[in-house]
Amino acid sequence: MQYKLRRYQIAGVNWIIKKFHCRALLADDMGLGKSLQAITVLRRTKAFPAVICVPAFLKYNWVAELRKFAPELSFFICSGQTPKIPRKPFDIYIINYDILKFWVVKFLAMKINFLVFDESHFVKNKSAQRTKAALKLSQRTDKVLLMTGTPIENRPVEIFFQIALINPNIFPN
């Protein structure tokens, strides 16, 4: 599929890949094409298999975006608390935050090469199972891209775990 990125999107993609080696937080405002930038990064790096973790209401939005901008990539929609990964490997696994904790062990066994956390501000509570699962996965994955238009909703501490997903050494505690 041919699509044309805007200048700021090209700069964002290059920044993510070249400057930060695909460990970055993309905090553009809503409607500026964060999903398209993430898909472009995935296509350019070819770091598959990848996991895209999203709030449940965005799963099928990602399906539509992948079909539109990367129809050559195969994807699997994860559902349920009992992980059932098909024998056929897929390029991308789309999962929602609420069930991530049930799938972590399967993803670790698969050696995921790229993690995308859409609406990454969902990872902000140290005692939440989703935060623990996300941190466990990010520690074993080379490429981690966070996306959100609201990295901090209420208090500065909310960005701590998002930064820890990218690089836990920036703020060790």
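On alpha-carbon atoms, Rg over Rh for region 29-173 using Kirkwood Rh?
Rounded to two decimals, Rg/Rh equals 0.94.
Measure off 7 Å from each Cα along the Cα-to-Cβ vector at E158 and K46, then give the distance between these two points in nanometres to one decimal.
With each label placed 7 Å out from Cα toward Cβ, I get 4.0 nm.
Exactly which trypsin sites (Lys or Arg not before Pro) in region 1-90 are in a DSSP loop and have at most 14 other Cβ atoms within 10 Å?
Counting only loop positions with at most 14 other Cβ atoms within 10 Å, the trypsin sites (Lys or Arg not before Pro) in region 1-90 are K4, R6, K46, K84, R87.
Compute the label zone of F102 within region 44-62: residues whose backbone N is under 11 Å from the point 7 Å along Cα-to-Cβ.
Flagged as within label range: none.
If I take R0 = 30 Å and measure r between the Cβ atoms of T82 and K126 in this structure, what FRET efficiency does the formula 1/(1 + (r/R0)^6) give, to the nearest 0.05?
That gives a FRET efficiency of 0.65.
Taking the Cα centre of region 1-137 as the origin and placing charges on Cβ (Lys, Arg +1; Asp, Glu -1), which of T131, Y3, L58 is farthest toward the positive end of the dipole?
The Cα lying farthest towards the positive end belongs to T131.
Taking just the alpha-carbon atoms of region 1-108, what radius of gyration and Dmax come out, in angstrom?
14.3, 43
Between N61 and D142, what FRET efficiency comes out of the Förster formula 1/(1 + (r/R0)^6) with R0 = 35 Å and r the beta carbon distance, rounded to 0.05?
Computed FRET efficiency for D142 and N61 comes out at 0.85.
How far, in nm, would the chain grow between A109 and A11 when pulled straight, counting 0.36 nm per residue and subtracting the alpha carbon separation?
Working it through step by step, the gained length comes to 31.9 nm.
Please go through the residue pairs K4/K101; K4/K106; K19/K68 and name each one whose alpha carbons sit more than 32 Å apart in this structure.
Over 32 Å Cα-Cα: K4/K101; K4/K106.
In debye, nearest 20: dipole of the chain around its Cα centre with unit charges on the Cβ of K, R (+) and D, E (-)?
Dipole of the chain, to the nearest 20 debye: 520 debye.
For region 1-49, with only Lys/Arg (+1) and Asp/Glu (-1) charged at the beta-carbon, what is the dipole magnitude about the Cα centre, in debye rounded to 20?
240 debye
Values in this text are rule-based calculations from the coordinates and carry no lab data. Everything numeric in this text was worked out from a predicted model, so none of it was measured. As a convention, Cβ positions derive from the backbone with ideal geometry for all residues, glycine included, and neighbour counts pool all protein chains shown.
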